[in-house]
1. Please compute the modelled spin-label separation between Ser342 and Glu67, points set 7 Å along Cα→Cβ, answer in nm with one decimal.
2. How many percent of the accessible area of the stretch 59-207 is carbon or sulfur, using a 1.4 Å probe?
3. Quick one: length gained pulling Val316 to Glu147 fully straight, 0.36 nm per residue minus the C-alpha distance?
4. Report, by chain and number, residues whose modeled amide H sits under 5 Å from the one on Leu128, excluding near sequence neighbours (fewer than 5 apart, same chain).
5. In nm, to one decimal, how far is the Arg106 label point from the Asp87 one, both placed 7 Å along Cα→Cβ?
6. Sequence neighbours fewer than 8 away in the same chain don't count; with that in mind, list the lysines whose C-alpha is under 23 Å from Lys331.
7. Quick check: pseudo-label points 7 Å beyond the Cα along Cα→Cβ at Ala124 and Ser325, how many nm apart are they?
8. Jot down the per residue volume, in cubic angstrom and as a whole number, of the convex hull over the alpha-carbon atoms of the stretch 130-172.
Amino acid sequence: MTLRLGQTATLTDTGRRRRHNEDAFVAEPPLFAVADGMGGAQAGELASSLAAAALKDSQEPGGGGEERVDELIQQANRRVYERQSQDAAASGMGTTMTVALVEDRRVAFGHVGDSRAYLIRAGALEQLTEDHSLVAELVRSGKLSPEEAEGHPQRSVITRALGTDPDVDVDTFSVETKPGDLFLICSDGLTSMVDDETILEEVAHNRHDQTVALPPRDDGADAGTDAEATLDELDRVPAIQTADGDGRRREPRGPGRRLLVAALTLTLLVGASGFVVWGLWRSHFVGSEADGHVAVYQGVPWNIVGNVHLYRATYVSPLLAAQLSQGERRKLFDHSLRSEGSALAAVRAYEEQIGAR
(Lines give C-alpha, C1' and ligand atoms only; values in the text may rest on other atoms or scores of the structure.)
Protein backbone atom coordinates (compact mmCIF):
# COMPACT_ATOMS: atom_id res chain seq x y z
CA MET A 1 0.00 0.00 0.00
CA THR A 2 1.34 3.43 -0.97
CA LEU A 3 0.65 6.26 1.47
CA ARG A 4 0.02 9.73 0.13
CA LEU A 5 1.35 12.94 1.70
CA GLY A 6 -1.70 14.95 2.69
CA GLN A 7 -1.94 18.58 3.77
CA THR A 8 1.06 20.60 4.90
CA ALA A 9 1.22 23.91 6.74
CA THR A 10 4.01 26.27 7.85
CA LEU A 11 4.15 29.25 10.18
CA THR A 12 6.86 31.32 11.83
CA ASP A 13 6.51 34.42 14.01
CA THR A 14 8.97 36.62 15.89
CA GLY A 15 6.60 37.01 18.83
CA ARG A 16 6.46 40.12 20.99
CA ARG A 17 9.96 40.26 22.44
CA ARG A 18 12.35 40.13 19.47
CA ARG A 19 12.85 42.25 16.38
CA HIS A 20 14.58 39.54 14.37
CA ASN A 21 13.33 36.08 13.53
CA GLU A 22 16.17 33.59 14.05
CA ASP A 23 14.07 30.67 12.77
CA ALA A 24 14.04 29.45 9.19
CA PHE A 25 12.22 26.57 7.56
CA VAL A 26 12.08 24.47 4.41
CA ALA A 27 8.76 23.14 3.11
CA GLU A 28 9.44 21.66 -0.30
CA PRO A 29 7.74 18.24 -0.32
CA PRO A 30 8.95 15.66 0.31
CA LEU A 31 11.61 17.61 2.25
CA PHE A 32 10.81 19.60 5.38
CA ALA A 33 13.12 21.24 7.91
CA VAL A 34 13.31 23.83 10.67
CA ALA A 35 16.42 25.69 11.90
CA ASP A 36 16.80 27.96 14.94
CA GLY A 37 19.87 30.20 14.89
CA MET A 38 22.10 31.27 17.76
CA GLY A 39 24.93 33.72 18.24
CA GLY A 40 23.09 37.03 18.54
CA ALA A 41 20.18 38.44 16.55
CA GLN A 42 21.85 39.03 13.19
CA ALA A 43 24.29 36.09 13.39
CA GLY A 44 21.56 33.68 14.50
CA GLU A 45 19.28 34.79 11.70
CA LEU A 46 22.14 34.38 9.20
CA ALA A 47 23.05 30.89 10.45
CA SER A 48 19.52 29.49 10.18
CA SER A 49 18.95 31.06 6.76
CA LEU A 50 22.26 29.66 5.44
CA ALA A 51 21.36 26.18 6.69
CA ALA A 52 17.90 26.31 5.13
CA ALA A 53 19.31 27.59 1.84
CA ALA A 54 21.82 24.72 1.76
CA LEU A 55 18.98 22.21 1.93
CA LYS A 56 17.07 23.94 -0.86
CA ASP A 57 20.19 23.95 -3.04
CA SER A 58 20.91 20.26 -2.44
CA GLN A 59 17.80 18.55 -3.69
CA GLU A 60 19.34 16.87 -6.70
CA PRO A 61 18.35 13.20 -7.15
CA GLY A 62 20.37 10.91 -4.94
CA GLY A 63 20.02 8.37 -2.17
CA GLY A 64 17.21 8.36 0.33
CA GLY A 65 16.37 7.63 3.90
CA GLU A 66 18.57 8.36 6.87
CA GLU A 67 21.73 8.48 4.79
CA ARG A 68 20.22 11.27 2.70
CA VAL A 69 19.10 13.42 5.65
CA ASP A 70 22.52 13.04 7.26
CA GLU A 71 24.14 14.18 4.01
CA LEU A 72 21.83 17.20 3.78
CA ILE A 73 22.57 18.30 7.34
CA GLN A 74 26.32 17.87 6.83
CA GLN A 75 26.10 20.15 3.77
CA ALA A 76 24.19 22.73 5.78
CA ASN A 77 26.75 22.46 8.59
CA ARG A 78 29.67 23.08 6.24
CA ARG A 79 28.01 26.16 4.78
CA VAL A 80 27.46 27.72 8.22
CA TYR A 81 30.92 26.69 9.46
CA GLU A 82 32.69 28.18 6.44
CA ARG A 83 30.86 31.48 6.83
CA GLN A 84 31.51 31.87 10.55
CA SER A 85 35.17 30.87 10.05
CA GLN A 86 35.72 33.52 7.36
CA ASP A 87 33.57 36.37 8.70
CA ALA A 88 34.62 37.84 12.05
CA ALA A 89 31.17 39.40 12.51
CA ALA A 90 29.60 35.93 12.32
CA SER A 91 32.15 34.16 14.54
CA GLY A 92 30.53 31.78 16.99
CA MET A 93 27.20 31.58 15.20
CA GLY A 94 25.38 28.29 14.80
CA THR A 95 21.94 26.80 14.37
CA THR A 96 19.83 23.83 15.27
CA MET A 97 18.29 21.76 12.49
CA THR A 98 15.59 19.09 12.34
CA VAL A 99 14.88 17.55 8.93
CA ALA A 100 12.07 15.26 7.78
CA LEU A 101 12.17 13.44 4.43
CA VAL A 102 8.83 11.84 3.52
CA GLU A 103 9.14 8.57 1.62
CA ASP A 104 6.87 5.65 0.82
CA ARG A 105 5.52 4.27 4.11
CA ARG A 106 8.10 6.05 6.27
CA VAL A 107 9.59 9.39 7.24
CA ALA A 108 13.36 9.70 7.69
CA PHE A 109 14.54 12.25 10.28
CA GLY A 110 17.83 14.01 10.96
CA HIS A 111 18.29 16.09 14.10
CA VAL A 112 20.84 18.40 15.75
CA GLY A 113 20.06 20.76 18.66
CA ASP A 114 16.88 21.39 20.62
CA SER A 115 14.35 21.88 17.85
CA ARG A 116 11.96 18.93 17.86
CA ALA A 117 9.98 16.44 15.80
CA TYR A 118 6.67 15.09 17.06
CA LEU A 119 4.24 12.43 15.90
CA ILE A 120 0.51 12.77 16.57
CA ARG A 121 -1.19 9.41 16.18
CA ALA A 122 -4.57 8.26 17.55
CA GLY A 123 -4.93 11.38 19.68
CA ALA A 124 -1.53 11.02 21.39
CA LEU A 125 1.52 13.27 21.04
CA GLU A 126 4.96 11.63 21.00
CA GLN A 127 8.27 13.49 20.95
CA LEU A 128 10.48 11.69 18.46
CA THR A 129 13.76 13.58 18.95
CA GLU A 130 16.00 14.01 21.97
CA ASP A 131 17.06 17.55 22.86
CA HIS A 132 20.77 18.24 22.60
CA SER A 133 20.71 20.70 25.48
CA LEU A 134 22.40 21.11 28.83
CA VAL A 135 19.27 20.53 30.91
CA ALA A 136 18.21 17.54 28.80
CA GLU A 137 21.58 15.91 29.49
CA LEU A 138 21.19 16.64 33.20
CA VAL A 139 17.71 15.08 33.17
CA ARG A 140 18.91 11.99 31.31
CA SER A 141 21.77 11.57 33.80
CA GLY A 142 19.37 11.88 36.74
CA LYS A 143 20.82 15.17 38.07
CA LEU A 144 17.64 17.13 37.32
CA SER A 145 13.98 16.18 37.34
CA PRO A 146 11.81 17.16 34.33
CA GLU A 147 10.04 19.66 36.60
CA GLU A 148 13.34 21.27 37.66
CA ALA A 149 14.43 21.43 34.03
CA GLU A 150 11.40 23.53 33.04
CA GLY A 151 12.53 26.43 35.22
CA HIS A 152 16.28 25.93 34.99
CA PRO A 153 18.15 29.20 34.30
CA GLN A 154 20.17 27.58 31.49
CA ARG A 155 17.44 25.58 29.79
CA SER A 156 18.10 27.35 26.46
CA VAL A 157 21.76 26.28 26.25
CA ILE A 158 22.29 23.72 23.49
CA THR A 159 25.16 21.24 23.42
CA ARG A 160 25.18 20.35 19.72
CA ALA A 161 24.71 22.72 16.78
CA LEU A 162 25.52 23.24 13.13
CA GLY A 163 28.41 25.55 12.32
CA THR A 164 30.74 25.06 15.29
CA ASP A 165 32.91 22.35 13.66
CA PRO A 166 33.59 21.09 10.11
CA ASP A 167 31.54 17.96 10.82
CA VAL A 168 28.56 17.47 13.08
CA ASP A 169 27.11 14.41 14.81
CA VAL A 170 23.58 13.91 13.47
CA ASP A 171 20.86 11.79 15.10
CA THR A 172 19.03 9.90 12.34
CA PHE A 173 16.07 7.52 12.52
CA SER A 174 12.98 6.53 10.54
CA VAL A 175 9.32 6.19 11.52
CA GLU A 176 6.94 3.83 9.76
CA THR A 177 3.80 5.75 8.84
CA LYS A 178 0.11 4.94 9.26
CA PRO A 179 -2.96 6.60 7.71
CA GLY A 180 -3.88 9.73 9.66
CA ASP A 181 -0.40 10.36 11.09
CA LEU A 182 0.51 13.99 11.63
CA PHE A 183 4.16 14.99 11.97
CA LEU A 184 5.20 18.30 13.52
CA ILE A 185 8.71 19.81 13.44
CA CYS A 186 9.28 23.03 15.35
CA SER A 187 11.82 25.17 17.18
CA ASP A 188 11.83 25.71 20.93
CA GLY A 189 9.97 28.95 20.28
CA LEU A 190 6.87 26.74 20.35
CA THR A 191 7.76 24.10 22.91
CA SER A 192 9.18 26.50 25.51
CA MET A 193 5.90 28.44 25.51
CA VAL A 194 3.21 25.84 24.79
CA ASP A 195 2.77 22.53 26.62
CA ASP A 196 2.01 19.20 24.96
CA GLU A 197 -1.64 19.20 25.96
CA THR A 198 -2.24 22.58 24.34
CA ILE A 199 -0.49 21.49 21.15
CA LEU A 200 -2.79 18.46 20.96
CA GLU A 201 -5.88 20.58 21.55
CA GLU A 202 -4.93 23.07 18.85
CA VAL A 203 -4.31 20.26 16.37
CA ALA A 204 -7.66 18.71 17.20
CA HIS A 205 -9.47 22.01 16.71
CA ASN A 206 -7.76 22.96 13.46
CA ARG A 207 -7.15 19.84 11.39
CA HIS A 208 -10.01 19.01 9.07
CA ASP A 209 -8.95 15.72 7.51
CA GLN A 210 -10.27 13.66 10.42
CA THR A 211 -11.60 13.76 13.95
CA VAL A 212 -8.90 13.60 16.60
CA ALA A 213 -9.90 11.89 19.83
CA LEU A 214 -8.02 13.50 22.70
CA PRO A 215 -7.12 11.53 25.81
CA PRO A 216 -9.12 12.55 28.89
CA ARG A 217 -7.69 15.41 30.92
CA ASP A 218 -6.68 14.55 34.46
CA ASP A 219 -7.05 18.01 35.92
CA GLY A 220 -10.82 17.90 36.28
CA ALA A 221 -11.35 20.62 33.66
CA ASP A 222 -14.35 18.81 32.18
CA ALA A 223 -16.02 18.05 35.49
CA GLY A 224 -17.72 21.39 35.89
CA THR A 225 -21.21 19.87 35.83
CA ASP A 226 -20.41 17.77 38.90
CA ALA A 227 -19.74 20.55 41.39
CA GLU A 228 -20.66 18.33 44.32
CA ALA A 229 -17.58 16.15 43.72
CA THR A 230 -15.16 19.09 43.70
CA LEU A 231 -13.38 20.25 46.86
CA ASP A 232 -13.44 23.98 47.51
CA GLU A 233 -10.80 25.84 49.53
CA LEU A 234 -12.49 25.16 52.89
CA ASP A 235 -12.93 21.46 52.16
CA ARG A 236 -9.34 21.05 51.02
CA VAL A 237 -7.51 22.78 53.91
CA PRO A 238 -8.30 21.42 57.40
CA ALA A 239 -8.05 23.69 60.42
CA ILE A 240 -4.82 23.44 62.43
CA GLN A 241 -5.43 21.83 65.78
CA THR A 242 -3.42 21.51 69.01
CA ALA A 243 -3.76 19.14 71.93
CA ASP A 244 -4.28 20.20 75.55
CA GLY A 245 -2.83 18.22 78.44
CA ASP A 246 -6.10 16.31 78.77
CA GLY A 247 -5.74 15.05 75.19
CA ARG A 248 -8.62 17.13 73.87
CA ARG A 249 -7.83 18.91 70.59
CA ARG A 250 -8.52 22.65 70.39
CA GLU A 251 -8.23 25.35 67.73
CA PRO A 252 -5.18 27.63 68.21
CA ARG A 253 -6.20 31.17 69.04
CA GLY A 254 -4.97 34.42 70.50
CA PRO A 255 -2.40 37.00 69.37
CA GLY A 256 0.45 35.26 71.17
CA ARG A 257 0.48 32.37 68.74
CA ARG A 258 0.30 34.70 65.76
CA LEU A 259 3.22 36.72 67.10
CA LEU A 260 5.22 33.55 67.62
CA VAL A 261 4.56 32.45 64.07
CA ALA A 262 5.50 35.90 62.76
CA ALA A 263 8.72 35.90 64.77
CA LEU A 264 9.69 32.45 63.54
CA THR A 265 8.91 33.42 59.96
CA LEU A 266 11.00 36.57 60.26
CA THR A 267 13.88 34.60 61.74
CA LEU A 268 13.74 32.09 58.90
CA LEU A 269 13.65 34.86 56.30
CA VAL A 270 16.61 36.64 57.84
CA GLY A 271 18.53 33.36 57.99
CA ALA A 272 17.72 32.54 54.37
CA SER A 273 18.73 36.03 53.26
CA GLY A 274 22.03 35.70 55.05
CA PHE A 275 22.68 32.35 53.38
CA VAL A 276 21.92 33.81 49.94
CA VAL A 277 24.23 36.78 50.48
CA TRP A 278 27.00 34.44 51.64
CA GLY A 279 26.45 32.21 48.61
CA LEU A 280 26.51 35.13 46.20
CA TRP A 281 29.70 36.46 47.73
CA ARG A 282 31.72 33.25 48.07
CA SER A 283 30.41 30.73 45.50
CA HIS A 284 31.06 30.29 41.81
CA PHE A 285 29.92 27.75 39.24
CA VAL A 286 30.43 27.04 35.55
CA GLY A 287 27.59 27.28 33.06
CA SER A 288 26.82 28.67 29.64
CA GLU A 289 25.40 31.90 28.29
CA ALA A 290 22.29 31.96 26.08
CA ASP A 291 24.51 32.28 22.99
CA GLY A 292 26.31 29.05 23.89
CA HIS A 293 29.56 30.47 25.32
CA VAL A 294 30.93 28.82 28.46
CA ALA A 295 30.96 31.20 31.42
CA VAL A 296 31.93 31.43 35.09
CA TYR A 297 29.19 32.77 37.37
CA GLN A 298 29.34 34.27 40.84
CA GLY A 299 26.48 33.19 43.06
CA VAL A 300 24.25 30.12 43.13
CA PRO A 301 22.43 28.58 40.12
CA TRP A 302 18.93 29.47 41.26
CA ASN A 303 16.10 31.69 40.11
CA ILE A 304 13.47 33.07 42.47
CA VAL A 305 10.05 34.63 42.01
CA GLY A 306 9.91 37.11 39.15
CA ASN A 307 12.75 35.41 37.28
CA VAL A 308 15.34 37.06 39.54
CA HIS A 309 18.76 35.40 39.10
CA LEU A 310 20.94 34.71 42.12
CA TYR A 311 24.08 34.77 40.00
CA ARG A 312 25.99 36.96 37.54
CA ALA A 313 28.59 36.19 34.88
CA THR A 314 32.13 37.19 35.85
CA TYR A 315 33.96 35.58 32.91
CA VAL A 316 32.64 34.64 29.45
CA SER A 317 34.89 32.29 27.53
CA PRO A 318 35.38 32.20 23.75
CA LEU A 319 34.76 28.45 24.12
CA LEU A 320 31.33 27.18 23.04
CA ALA A 321 29.49 24.48 24.96
CA ALA A 322 28.86 22.69 21.67
CA GLN A 323 32.63 22.27 21.20
CA LEU A 324 32.83 20.05 24.28
CA SER A 325 32.13 16.35 24.30
CA GLN A 326 29.17 15.03 26.27
CA GLY A 327 31.46 13.75 29.01
CA GLU A 328 33.27 17.09 29.22
CA ARG A 329 29.98 18.97 29.51
CA ARG A 330 28.74 16.72 32.29
CA LYS A 331 31.95 17.24 34.23
CA LEU A 332 32.13 21.00 33.70
CA PHE A 333 28.41 21.87 34.01
CA ASP A 334 27.57 19.85 37.12
CA HIS A 335 26.76 23.14 38.91
CA SER A 336 28.91 22.24 41.90
CA LEU A 337 29.87 25.37 43.84
CA ARG A 338 33.57 26.25 43.56
CA SER A 339 35.97 29.03 44.38
CA GLU A 340 36.49 31.62 41.66
CA GLY A 341 40.02 30.35 40.99
CA SER A 342 38.88 26.75 40.69
CA ALA A 343 36.06 27.63 38.27
CA LEU A 344 38.35 29.75 36.07
CA ALA A 345 41.04 27.07 36.05
CA ALA A 346 38.54 24.42 34.93
CA VAL A 347 37.32 26.58 32.04
CA ARG A 348 40.80 27.64 30.91
CA ALA A 349 41.98 24.05 30.92
CA TYR A 350 39.30 23.21 28.35
CA GLU A 351 40.13 26.35 26.37
CA GLU A 352 43.71 25.11 26.00
CA GLN A 353 42.60 21.56 25.13
CA ILE A 354 40.09 22.67 22.50
CA GLY A 355 42.56 25.14 21.00
CA ALA A 356 45.08 22.30 20.62
CA ARG A 357 42.68 19.96 18.86
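1. Here the answer is 5.1 nm between the modelled labels.
2. Numbers: 3090 of 6800 Å².
Roughly 45 percent, rounded to a whole number.
3. Separation in residues times 0.36 nm, less the Cα-Cα distance, equals 58.0 nm.
4. Placed amide hydrogens put Ala117, Tyr118, Leu119 under 5 Å from Leu128.
5. Result for the modelled spin labels: 3.7 nm.
6. Partners within reach: Lys143.
7. It is 3.7 nm.
8. In the stretch 130-172, the Cα convex hull volume per residue is 79 Å³.
The values are calculated or read from the model by the stated rules, or taken from the named source; none is laboratory data. All values reported here derive from a predicted model rather than from experimental measurement. Ideal geometry is used to build each Cβ from the backbone, glycine not excepted, and the neighbour counts take in all protein chains shown. Areas reflect the complete protein model, heavy atoms only, side chains present, ligands, DNA and RNA absent. Shrake-Rupley method; radii C 1.70, N 1.55, O 1.52, S 1.80 Å.
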